[in-house]
Amino acid sequence: TNVVTREGGIKLEAISQGSFCGDTVFISCESTMYGSTGNVLSLIASSSGGTNAQVRGVHFTDCYFYLATTSIYSGGLASQVCDVFFNSCQWDAGTAGRMAISIRVLNTGEVNGIHFNSPYIVQWPNGAISCGNSNTTGKISDIFVRGGQFGMITGANSTLFFQNVKGVTISECRLLTCTTQSAINIDNCSNVILANNISTASAST
């Protein structure tokens with residue numbers, strides 16, 4: 001509770017065979033990462049062999065993330081990043097070329113059950129949430145965005161982008177100043193729910 005990092009960010013990782021990192025709660029914490037490289041928050045699961053690794057059961061409530069990307073990543077061997085909750089968190093003042101939140105898998109990695117409840121994401125030049133699976137063996141599923149407010153500062157990318165995800169729910173969101181790019185871009189996803197008062201100031205959805 002009330003942890004502040006002014007430089008360097010926060011990293012939770014499980015990167016050895018059978019390792020686990022999780023069941024952790026952050027309340028009213030603040031993290032800043034200066035410079036063009038590195039992440040303000042990293043949740044990483046990746047195992048090189050044997051039993052998979054897991055990052056699971058992490059909760060962030062009333063937390064603030066500044067300047068750099070929040071990265072959620074699983075690197076292979078069915079390693080999992082699962083059951084992560086962001087409750088009333090804020091991402092602000094993004095560095096040029098950075099997105100606020102990146103969710104990715106590689107090889108047979110898995111990301112499942114990521115919840116963004118009442119996120120406030122403003123002043124980012126490269127998109128708010130980018131959730132992409134560009135390979136056929138990794139899996140991303142069940143991503144929830146509820147009650148969010150988003151305000152971008154350029155039209156470089158869609159504000160919310162989902163690719164090859166099974167289970168996307170977006171509800172009660174306001175997407176402001178999204179310029180000429182689509183506010184919401186959903187590519188080759190299944191089990192998609194868009195519901196309950198989604199408003200945009202963009203050219204398209």
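The values are calculated or read from the model by the stated rules, or taken from the named source; none is laboratory data. Everything numeric in this text was worked out from a predicted model, so none of it was measured. Cβ coordinates were reconstructed from backbone atoms using ideal geometry, including for glycine residues, and neighbour counts include every protein chain displayed. To get the accessible areas, we keep the full protein, side chains included, count just its heavy atoms, and leave off ligands, DNA and RNA. Shrake-Rupley method; radii C 1.70, N 1.55, O 1.52, S 1.80 Å.
In segment 4-20, which residues are closer than 23 Å to GLY76 by Cα and either surrounded by 15 or more Cβ atoms within 10 Å (Cβ to Cβ) or not polar (S, T, N, Q) (or both)?
ILE10, LYS11, LEU12, GLU13, ALA14, ILE15, GLY18, SER19, PHE20
Would you mind listing the strands (runs of 3 or more DSSP E) fully within segment 161-205 where at least 1 residues are under 22 Å from ASN135 (Cα atoms) and either modelled with pLDDT of 85 or more or not hydroxyl-bearing (Ser, Thr, Tyr) (or both)?
Of the strands (runs of 3 or more DSSP E) lying wholly inside segment 161-205, those with at least 1 residues that are under 22 Å from ASN135 (Cα atoms) and either modelled with pLDDT of 85 or more or not hydroxyl-bearing (Ser, Thr, Tyr) (or both) span 166-171, 184-187, 190-195.
With the requirement that a residue be open to solvent by 10 Å² or more (accessible area, probe 1.4 Å), of a type outside the set (D, E, K, R) and in a strand (DSSP E or B), what does segment 92-102 give you?
SER102 - this is the single residue of segment 92-102 that is open to solvent by 10 Å² or more (accessible area, probe 1.4 Å), of a type outside the set (D, E, K, R) and in a strand (DSSP E or B).
Starting from segment 113-125, take each residue that is touching a residue at least 40 places away in the same chain (Cβ under 8 Å) and list its partners that are of a type in the set (Val, Ile, Thr), counting only C-beta distances under 8 angstrom and pairs at least six apart or across chains.
Pairs found: ILE114/ILE72; ILE114/VAL81; ILE114/VAL84; ILE114/ILE103; ILE114/ILE143.
Determine whether THR5 is among the polar types (S, T, N, Q), under 20 Å from THR61 (Cβ atoms) and at pLDDT below 95.
For THR5, the condition - among the polar types (S, T, N, Q), under 20 Å from THR61 (Cβ atoms) and at pLDDT below 95 - is met.
Just to verify a result, which residue in segment 146-160, among those that are buried (at least 19 other Cβ atoms within 10 Å of the Cβ) and at pLDDT 85 or above, is nearest to the chain's Cα centre (by Cα)?
LEU160
Is segment 40-62 home to any residue that is surrounded by fewer than 20 Cβ atoms within 10 Å (Cβ to Cβ), assigned to a loop (DSSP other than H, G, I, E, B) and either among the aromatic types (Phe, Trp, Tyr) or touching a residue at least 60 places away in the same chain (Cβ under 8 Å) (or both)?
no
Can you tell me which residue within segment 103-132, out of those that are outside any strand (DSSP E or B) and open to solvent by 50 Å² or more (accessible area, probe 1.4 Å), is nearest to THR51 (Cα to Cα)?
THR108
For segment 65-91, name all the residues that are closer than 20 Å to ASP23 by Cα and either open to solvent by 10 Å² or more (accessible area, probe 1.4 Å) or touching a residue at least 60 places away in the same chain (Cβ under 8 Å) (or both).
SER71, TYR73, SER74, ALA78, SER79, GLN80, ASP83, PHE85, ASN87, SER88
So which residues in segment 133-145 are crowded, with 16+ Cβ neighbours inside 10 Å and not hydroxyl-bearing (Ser, Thr, Tyr)?
Once the filter is applied, which keeps residues that are crowded, with 16+ Cβ neighbours inside 10 Å and not hydroxyl-bearing (Ser, Thr, Tyr), segment 133-145 yields ASN133, GLY138, LYS139, ILE140, ASP142, ILE143, PHE144, VAL145.
Within segment 21-33, can you find the residues that are within 16 Å of VAL81 (Cβ to Cβ) and surrounded by 15 or more Cβ atoms within 10 Å (Cβ to Cβ)?
CYS21, GLY22, PHE26 - these are the residues of segment 21-33 that are within 16 Å of VAL81 (Cβ to Cβ) and surrounded by 15 or more Cβ atoms within 10 Å (Cβ to Cβ).
Out of curiosity, is GLY75 at pLDDT below 95 and closer than 20 Å to TRP124 by Cα?
No, not satisfied.
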